[in-house]
Amino acid sequence: MTIQVQRDDGLYFRQTLFDKARRVVIKVGSAILTDKNGINRAVVQNLAKEISFLHSSGREVILVTSGAVAAGKKKISFVPHGDISLPEKQAFAAIGQSSLMQTYEEAFARHGKNIAQILLTYSDLADRDRFLNVRNTIMTLFRFGVIPIINENDTVSVKELRFGDNDTLGALVTNIIEADMFICLTDVDGLYNGDPTADKDAAPIYTVAEITPEIEQMVGGSRSDVGTGGMTSKLKAAKMVTIRGGSAFIGPGRRQDILQGLFGGELVGTFFLPRREKMHSRKHWISFVLKPKGALVLDDGAVQAIAGKGKSLLPSGIQAVEGEFGVGDSVRCLAADGTVVAVGLISYSSRDVEKIKGLKSDQIIGVLGFKDSDEVIHRDNLVIL
């Protein structure tokens, strides 16, 4: 039996979105791109053919790729003993990146397509000016008719500057350029209502109207031997895109003619419909790009005020301060039981919030000697989760 979790117009709407998609981001992971011999050239050539097909149809296409680290390991026949260290991973990326791009260059040249390499770190998107500069660069490449190929800059990234996985990077790039669709090609057929390897009755879910807690519970913690993200990270990426008003797809990356089949109306993989009310770009940046530096524990009244009434967060509603942060940093707002209620940009440092927590706004200047704002987090800088 096939299960479809969808709005009443789900299947029709799905095909309409494929037809109307003019700007598309495609993410492919290491599990698809590499094998025991390193980069799988046959997969890359098929991917280039498929993307060139979309590009030739008048669409703007970006490829977000993994594979540099895996390619580097295979190139020097590295045999790991325990976990790979960060310097080792950075070295593998440096070794494998040139081979990966050369393979792409040759594959796309067969179809008369020019490509460009963009390497990103988390800080490139966390800084608003650099965030906009990345967008402008991509838009200029589109104007030149070039296909951008994006990867995380593993050679220089440290833990604090990492996206975590290229699923997240792909979703962020999708939202940066306001793409219509995010396509995640992976080593699974899509989302199922159970574990297909253990449950013979597990059925595919072809269309998802909304990523609910029930949908999230269907996903286990699977992870590839060579990749960094499992289905959980892919579902999170799809959620990031649909919240901003785009659509997302998760499906089999090794399948021949997968993109032509999708855009031709074939029912394969799992398609996620966009949310009807999309999140504003700035609030999406606060929610998903910035990494929280600390947390505030709120009383019940403050939780109701910000989550139920759309109010700003005042110092009177703060019970405790966790972590160290400065003015303008991202901070989580927690209910008394630890539930994350919201995330926002803080108006005071953690040291100052510790001094004014529980106080009324007119008491701030008497305690700190200054008052930059009545609010600890203004509602314009607050995103309810």
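For R135, R59, R41, write out the residues from largest to smallest accessible area, computed with a 1.4 angstrom probe and no ligands counted.
R41, R135, R59
Non-local amide H neighbours of G67 (under 5 Å, H modeled in plane, Pro and chain starts lacking H): which ones?
Here the answer is S30, since their amide H atoms fall under 5 Å of that of G67.
Calculate, in whole percent, how much of the Cα-Cα pair population of segment 233-385 lies beyond 27 Å.
So the portion of pairs separated by more than 27 Å is 36 percent.
When the Karplus curve 6.51 cos²θ - 1.76 cosθ + 1.60 is applied with θ = phi - 60°, which whole-Hz ³J(HN,Hα) does each residue of segment 125-140 get, with x for Gly and Pro?
Whole-Hz 3J(HN,Hα) from phi for segment 125-140: 9, 6, 7, 4, 5, 5, 3, 5, 5, 4, 4, 5, 4, 4, 5, 5.
If I fit a long axis through the Cα atoms of helix 10-20 and take the longest principal axis of the Cα atoms of the chain, what angle between them do I get, 0 to 90°, rounded to 10?
80
Between T137 and A336, how high is the FRET efficiency from 1/(1 + (r/R0)^6) when r is the Cβ-Cβ distance and R₀ = 41 Å? Nearest 0.05.
0.35
Given the protein chains as shown and a 1.4 Å probe, how many square angstrom of T34 are accessible, to the nearest 10?
10
Say each of R110 and K309 gets a label point 7 Å from the Cα, pointing the same way as Cα to Cβ; how far apart are those two points in nm?
6.4
How large, in percent, is the carbon and sulfur part of the accessible surface of the chain at a probe radius of 1.4 Å?
Here carbon and sulfur together make up 48 percent of the probe-accessible area.
Taking amide H positions as placed in the peptide plane 1.01 Å from N, state which residues far from V341 in sequence (5 or more) or on other chains have amide H under 5 Å from it.
Amide H neighbours of V341: C333, L334, A335.
Given a Förster distance of 51 Å, report the FRET efficiency between K360 and K75 from their Cβ-Cβ distance, rounded to the nearest 0.05.
0.20
In whole Hz, what ³J(HN,Hα) sequence does segment 371-379 give by Karplus (6.51, -1.76, 1.60; θ = phi - 60°), x for Gly and Pro?
Whole-Hz 3J(HN,Hα) from phi for segment 371-379: 8, 7, 7, 6, 9, 6, 9, 6, 4.
On the Cα set of segment 286-328, report Rg and Dmax in Å, please.
Answer for segment 286-328, Rg first and Dmax second: 11.4, 28 Å.
Quick one: Karplus J couplings for segment 31-41, per residue in order, coefficients 6.51, -1.76, 1.60, θ = phi - 60°, nearest Hz, x for Gly and Pro?
4, 8, 7, 10, 9, 5, 9, x, 5, 7, 5
Please give the charge dipole size of the chain, origin at the Cα centre, charges +1 on K and R Cβ atoms and -1 on D and E Cβ atoms. Round to the nearest 20 debye.
Using Cβ point charges on Lys, Arg, Asp and Glu, the chain gives about 840 debye.
Please arrange E266, E210, E375 by accessible surface area, largest first, computed with a 1.4 Å probe and ligands excluded.
Sorted by accessible area, descending: E210, E266, E375.
Among rounded, prolate and oblate, which fits segment 34-134 when a ≥ b ≥ c are the square roots of the eigenvalues of its C-alpha gyration tensor, a/c under 1.5 means rounded, and a/b larger than b/c means prolate?
Verdict is oblate for segment 34-134.
Which of L141, L120, L185 moves most in a GNM of the chain, Cα contacts under 10 Å?
Between L141, L120, L185, it is L141 that shows the largest mean-square fluctuation.
Once each part is reduced to its C-alpha centroid, what is the distance from segment 42-100 to segment 228-281 in angstrom?
21
At 7 Å along Cα-to-Cβ for each site, give me the label-to-label distance between D299 and D374 in nm.
1.9
Please give the per residue accessible area of the chain, computed with a probe of 1.4 Å over protein heavy atoms only, in Å².
Per residue, the chain has an accessible area of 46 Å².
Which value in deg cm²/dmol, rounded to the nearest 500, describes the helix-derived mean residue ellipticity at 222 nm for the chain, given -39,500 (n - 2.57) per DSSP H run of n ≥ 4 and division by the residue count?
Value at 222 nm, helices only, nearest 500: -10500 deg cm²/dmol.
Could you order peptides 366-373, 234-241 by the average number of other Cβ atoms within 10 Å of their residues, highest first?
Ranking, from highest mean packing down: 234-241, 366-373.
The values are calculated or read from the model by the stated rules, or taken from the named source; none is laboratory data. As the structure is a prediction and not an experimental result, all values here were calculated from the model. Cβ sites come from the backbone with ideal geometry, for glycine too, and all protein chains shown count toward neighbours. Just so you know, the surface numbers come from the protein's heavy atoms only, side chains and all, with ligands and any DNA or RNA stripped out. Shrake-Rupley method; radii C 1.70, N 1.55, O 1.52, S 1.80 Å.
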